[in-house]
Each structure stands twice: as C-alpha cells, then as structure tokens.
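Enquirer: Pasting in a structure now, in structure tokens, and then I'll have a few things to ask.
No value in this document is a laboratory result; all are computed from the given coordinates. Quick caveat: nothing in here was measured; it's all calculated off a predicted structure. In this analysis, Cβ positions are derived from the backbone assuming ideal geometry, glycine residues included, and neighbour counts consider all displayed protein chains.
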C-alpha cells in the first residue's frame, strides 16, 4: 500500500516592504512521502517571495509536467513557473517554452554549486529564466509543523520568517536573471 501525502496548513502574514505587498494567506500544502521538511519549507519560501492571490502549489514532486508552484492567467496560460532544487536542462527548456517567466530556487549549497557550474553556460539562451540560490540562516526545519502560523517580513531582499520564539533569515543570491 502506497504512503499518502501528509497535509500541512500554514497561516502566513506577509509584509513585503520591498514590493509593498501586505496580505494574509491561509495555505494547505501536501507533503509527498519522499519530500523532506527542508524542501517543504523551501516551497513555502518560494510562495512567500512571489506571493499573489493566483499563485498555487502544484503536484510538483509527484508530477513531471507541473512545477512546484505556478501562476496562470484567466485564459490558462502559465505566467510564472517555479521549480526547486536542481532540475535538468530538458525540464528547464520545457518550462521556459511553456511559461512567460521561470524561477528556479536552489538551496543545498554544495549540490547547488556543482549543479550550477555544470549547467550555467547552457542556460544563457533563456531570457525568461531566473536562477536564485537561497541562503538560509537558522534551522528552518524547526518551523515545519502540521499547523504553522508564520509572520514573513521582507525588507532589502531579506526574508525573515518568525513563529513564536523561532526565526529564520533567508537571503536571495541571484545567479542568473
């Protein structure tokens, strides 16, 4: 019998002083059995950094044809495609061909650096692609709970996630824009 996804709920209060976006989002996320708490939290961070009423979580890890998050137009066109980790060039090419904008958030320092070094030159042809390394200061996995109530503050390109006494700082390092 296959293991089912675990449901996580997150109440986010987002204050993005950089883009003047202030909103509360009540999210439900399905954590795939093979997904780690770190990856789950990176998905949440990707949502926060691109927060919009139309941005939604996709099947991502369990569905090859979908990203981790996307934003679609009313007509069904993909406006924003967000992938996590170190996707291969074929997947990136497909994403860039299907979407107006593609963002890849990479986050495991050693693996991310070697992936980037091996793929960087082949990605320069994609004008709608951004690759961003997320530098995390603090234990983000401690925030991964089945019911989360998080305050997310963004100022000068720095995201601070706060829940009770715990806080984590995330900085974006732009590798390609």
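Enquirer: Evaluate E = 1/(1 + (r/R0)^6) for residue 167 and residue 26, where r is the Cβ-Cβ distance and R0 equals 30 Å; express this FRET efficiency to the nearest 0.05.
Expert: 0.90
Enquirer: With a 10 Å Cβ neighbour count serving as the proxy for reagent exposure, in which order, fewest first, do 105, 21, 133 appear?
Expert: Working: 105 24, 21 14, 133 18.
The order, fewest Cβ neighbours first, is 21, 133, 105.
Enquirer: With label points built 7 Å along Cα→Cβ from the Cα atoms of residue 174 and residue 111, find their separation and express it in nm.
Expert: 2.7 nm
Enquirer: With everything on Cα atoms, drop me the angle between helix 37-49 and the longest principal axis of the chain, reported from 0 to 90° to the nearest 10.
Expert: Long axis of 37-49 versus the principal axis of the chain: about 80 degrees.
Enquirer: Let me ask you something else. Quick one: if the Förster radius is 25 Å, what FRET efficiency do residue 38 and residue 118 give, using the C-beta to C-beta distance and rounding to 0.05?
Expert: 0.65
Enquirer: Additional query: Once you have the Cα-Cα distance between residue 77 and residue 147, take 0.36 nm times their residue separation minus that, and quote the gain in nm to one decimal.
Expert: Values: separation 70, 0.36 × 70 = 25.20 nm, distance 3.23 nm.
Going from the current span to full extension adds 22.0 nm.
Enquirer: Rounded to the nearest 0.05, what FRET efficiency do residue 54 and residue 7 give with R0 = 22 Å and r taken as the Cβ-Cβ distance? Could you check?
Expert: 0.50
Enquirer: Does anyone have the angle between helix 89-98 and the longest principal axis of the chain? Alpha-carbon axes, 0 to 90°, nearest 10?
Expert: Helix 89-98 and the main axis of the chain meet at about 80 degrees.
Enquirer: At 222 nm, what helix-only mean residue ellipticity would the chain give, in deg cm²/dmol to the nearest 500, using -39500 (n - 2.57) for each DSSP H run of four or more?
Expert: Here the helix-only value at 222 nm equals -6000 deg cm²/dmol.
Enquirer: How much space per residue, in cubic angstrom, does the convex hull of the C-alpha atoms of the chain take up?
Expert: 129 Å³
Enquirer: Report relative contact order for segment 33-72 in percent, whole number only (criteria: Cα-Cα under 8 Å, sequence separation at least 6).
Expert: So the answer I get is 32 percent.
Enquirer: Further question: For segment 99-149, what does the alpha-carbon gyration tensor say about shape, rounded, prolate or oblate, given a ≥ b ≥ c as the root eigenvalues, a/c under 1.5 as rounded, and a/b over b/c as prolate?
Expert: oblate
Enquirer: Hey, what did segment 76-177 get for relative contact order, percent, Cα under 8 Å, at least 6 apart?
Expert: Relative contact order comes out at 24 percent.
Enquirer: What is the fewest-to-most order of 82, 132, 174, 42 by other Cβ atoms lying within 10 Å of their Cβ?
Expert: Placing the least packed residue first, the sequence is 174, 132, 42, 82.
Enquirer: With a 10 Å Cβ neighbour count serving as the proxy for reagent exposure, in which order, fewest first, do 116, 81, 70 appear?
Expert: 116, 70, 81
Enquirer: Now for a separate question. Please report the antiparallel percentage of the DSSP beta bridges confined to the chain, to the nearest 5.
Expert: Expressed as a percentage, antiparallel bridges in the chain total about 65.
Enquirer: Return a whole-number percent for the relative contact order of the chain, with Cα pairs under 8 Å and 6 or more residues apart as the contact set. Don't jump to the answer; show the numbers that get you there.
Expert: Numbers: 318 pairs, mean separation 39.8, N = 177.
22 percent.
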